[in-house]
Amino acid sequence: MSRPIQATVSVSALRHNYAVAKRAALQSKVFAVVKANAYGHGIERVTRALVRADGFATVELDGAVATRERGFAEPILLLEGFFAPAELPVIAAADLAVAVHGDEQLRMLEAWRPARPLDVFFKINTGMNRLGFSVESARGQLERLRSSGVAKSITLMAHFATADGPEGIEEAMRRFNQATHGIDLACSLANTAAIFAHPESHADVARLGIGVYGATPFAERSAQALGLKPAMTLTSELIAIQELAAGESVGYGGTFRSAGAMRVGVVACGYADGYPRHAPSGTPVVVGGVRTKTAGRVSMDMITVDLTPVAAARVGTPVTLWGEGLPIDEVASAAGTVGYELMCAVAARVPFMDAA
Ligand SMILES: *Cc1c(COP(=O)(O)O)cnc(C)c1O
């Protein structure tokens, strides 16, 4: 027997979520974003589950090349493009599409004599202020890209900073339209939040990240309300039970103290598994199918949970940390973070399993 923690990834949930987003995006193509090892779900597993996707987008070159080598024939977009000239022949050989967001990349392209030209996503900075050509410089830089002869197609691209919030995308759209007015090229703008909240941004290619994994980008709209199902379920078991008298504490620092006599369960899952160390006492957890809460600090290999509502709990009782039966967004919110971070942080020591 090995330690009972395990992450299960549902192929049918991934496909369901992709289909939900595809319907929401109407006629647009939808690329599934599989950066960061498919948001922690495993890029090979996810790209196999979504072989019928319109395309994939990622950040890591090795995962993109491996996806192509497994036979995926649709576009695979590198969202940050390339970082050094040596990557260009590899990118061309695998026929990957690249974001081009800055002057240094343009210079590398101009200096390169490609055996095959590339599909280029020309990125414009519409207010995120991370990557992209400024609204003012975009036309001139686009001309440089065109005359370099390295692009076999050009798609105009931007990324929203506030598609998930009350600020919305109006100002970003205004800047994008100002930069690209009169230029007749395909466009790619929308992330998950914009797919669900801003149809005017769907354009030719949408980029679906968090939604395909069944979590929400919104603070105020749950994944369930969007019609999404959790792809990853993180489970473990109780490995010990403690009977506390009133006034006893649990765990490092003794931050939780029992008001009366109570039972506390010890779960084989800690921050070295990717459970957020900052999750305070009271973070939701499901034990034996019953919702309860954590009690005391998260330690490296264990968390402790209040068994008051779970009279039947014993050593070996199953525990769900997040996923089916407990939205990852609720755990993230209790821990002061977002579902994105929790799913990306599941540690290498946690075994992953496929589920139908
Ligand atoms: C990660 C990423 C996305 C996906 O964002 P979600 O909020 O997960 O849908 C889309 N576009 C770019 C450029 C990204 O880096």
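Selection of the stretch 304-327 for residues being within 19 Å of residue 245 (Cα to Cα) and not small (Gly, Ala, Ser) yields 304, 305, 306, 307, 308, 309, 310, 314. Every test in (1) surrounded by 22 or more Cβ atoms within 10 Å (Cβ to Cβ); (2) within 24 Å of residue 338 (Cα to Cα); (3) under 20 Å from the mean Cα position of the chain (by Cα) is passed by residue 205 save one, and that test is (2).
Within the stretch 17-39, residues that are without any contact (Cβ under 8 Å) to a residue 40 or more places away in the chain sit with their Cβ atoms under 7 Å from residues that are of a type in the set (Ser, Thr, Tyr) and buried (at least 21 other Cβ atoms within 10 Å of the Cβ), at 6+ positions apart or across chains, in these pairs: 34/47; 34/58.
Considering only residues that are hydrophobic (A, V, I, L, M, F, W, C) and in contact (Cβ under 8 Å) with a residue 60 or more places away in the chain, which ones fall in the stretch 47-70? Talk me through it step by step, then tell me what you get.
Residues of the stretch 47-70 that are hydrophobic (A, V, I, L, M, F, W, C), as a first pass: 49-51, 53, 56-57, 59, 61, 64-66.
Correct list: 50, 57.
Of the candidates 53, 99, 151, 64, the single residue that is under 28 Å from residue 174 (Cβ atoms) and within 16 Å of the ligand (Cβ to nearest atom) is 99. Those residues that are more than 16 Å from the ligand (Cβ to nearest atom), among the polar types (S, T, N, Q) and in contact with a Leu (Cβ under 9 Å, 6 or more places away or on another chain), I need them from the stretch 193-241; list them, please. Selection gives 233, 235, 236. When residue 74 is tested against the conditions (1) in contact with a strand residue (DSSP E or B) (Cβ under 6 Å, 6 or more places away or on another chain); (2) charged (D, E, K, R); (3) in contact (Cβ under 8 Å) with a residue 24 or more places away in the chain, the lone failure is (3).
Have a look at 182, 132 and point out the one that is in contact (Cβ under 8 Å) with a residue 12 or more places away in the chain, small (Gly, Ala, Ser) and in the same structural domain as residue 100 (by TED's automatic domain parsing).
Numbers: 182 fails: in contact (Cβ under 8 Å) with a residue 12 or more places away in the chain.
Within the list 182, 132, the selection yields 132.
Listed conditions (1) surrounded by 15 or more Cβ atoms within 10 Å (Cβ to Cβ); (2) away from the ligand (no atom under 12 Å from the Cβ); (3) outside any strand (DSSP E or B) are all met by residue 38, apart from (2). Selection of the stretch 15-35 for residues being within 12 Å of the ligand (Cβ to nearest atom), among the small types (Gly, Ala, Ser) and in a loop (DSSP other than H, G, I, E, B) yields only 25.
Looking at this structure, is residue 153 in contact (Cβ under 8 Å) with a residue 24 or more places away in the chain, exposed (fewer than 15 other Cβ atoms within 10 Å of the Cβ) and within 26 Å of residue 30 (Cβ to Cβ)? Full working, then the answer.
Details: in contact (Cβ under 8 Å) with a residue 24 or more places away in the chain: yes; exposed (fewer than 15 other Cβ atoms within 10 Å of the Cβ): yes; within 26 Å of residue 30 (Cβ to Cβ): yes.
When the stated conditions are applied, residue 153 passes them.
For (1) outside the structural domain of residue 50 (by TED's automatic domain parsing); (2) closer than 30 Å to residue 47 by Cβ; (3) under 28 Å from the mean Cα position of the chain (by Cα), each residue gets a yes or a no:
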residue	(1), (2), (3)
246	yes, no, no
265	yes, no, no
276	yes, yes, yes
282	yes, no, yes
289	yes, no, yes
293	yes, no, yes
306	yes, no, no
315	yes, no, no
337	yes, yes, yes
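Say we look at the stretch 50-80 and pick out the residues that are hydrophobic (A, V, I, L, M, F, W, C), in a loop (DSSP other than H, G, I, E, B) and surrounded by 18 or more Cβ atoms within 10 Å (Cβ to Cβ); which of these is farthest from the chain's Cα centre (by Cα)? Filtering first and then ranking leaves 72.
For the stretch 302-333, filtered to residues that are without any contact (Cβ under 8 Å) to a residue 60 or more places away in the chain and of a type in the set (Asp, Glu), the residue that is farthest from residue 252 (Cα to Cα) is 330.
The values are calculated or read from the model by the stated rules, or taken from the named source; none is laboratory data. These figures come from a predicted structure and were not determined experimentally. For neighbour counting, all protein chains shown are included, and Cβ atoms are generated from backbone atoms with ideal geometry for every residue, glycine included.
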